[in-house]
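Participant: Could you have a look at this structure, given as structure tokens, before my questions?
The values are calculated or read from the model by the stated rules, or taken from the named source; none is laboratory data. All values reported here derive from a predicted model rather than from experimental measurement. Ideal geometry is used to build each Cβ from the backbone, glycine not excepted, and the neighbour counts take in all protein chains shown.
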Amino acid sequence: MDKKFYITTTAPYVNADPHIGFALEIIQADCVARFKRLQGFDVAFGFGTDEHGQKIYQKALLAKKDPQKYCDEYAKKI
């Protein structure tokens with residue numbers, strides 16, 4: 001395939017529960033990706049979470065959890 005299309009979303013922070021804003025952006029990007037596939041594009045859809053930063057580290061400490069475990073738990077929710 002020579003028609004390529006790349007789409008991504010902003011990386012949500014994992015320091016709070018997901019909210020409707022996360023879902024809206026992800027669903028919109030997914031719709032665009034599916035439409036482009038129907039048009040014959042080879043689509044790459046990049047998605048991930050932002051697991052770095054002092055706020056996340058502080059939230060993990062407040063929750064008395066290892067920062068990586070804390071991030072992994074929130075990433076599953078998102």
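Participant: Determine the pairs where a residue that is farther than 27 Å from Gln54 by Cβ, located within segment 8-32, has a partner that is aromatic (Phe, Trp, Tyr) and assigned to a loop (DSSP other than H, G, I, E, B) with Cβ atoms under 8 Å apart, the partner being 6 or more residues away or on another chain.
Facilitator: Close Cβ pairs (under 8 Å, with a partner that is aromatic (Phe, Trp, Tyr) and assigned to a loop (DSSP other than H, G, I, E, B)) amount to Ala29/Phe47.
Participant: For Thr9, are the conditions met, namely being at pLDDT 90 or above, surrounded by 12 or more Cβ atoms within 10 Å (Cβ to Cβ) and under 15 Å from the mean Cα position of the chain (by Cα)?
Facilitator: In short, yes.
Participant: Looking only at residues that are closer than 18 Å to Ala11 by Cα and of a type in the set (Gly, Ala, Ser) in segment 26-75, which one is surrounded by the most Cβ atoms within 10 Å (Cβ to Cβ)?
Facilitator: In this case the residue turns out to be Ala33.
Participant: Next up: Given the options Ala11, Ala16, Ala29, name the one that is under 30 Å from Pro67 (Cα atoms), assigned to a loop (DSSP other than H, G, I, E, B) and in contact with a Ser or Thr (Cβ under 6 Å, 6 or more places away or on another chain).
Facilitator: None of the others qualify; the one that does is Ala11.
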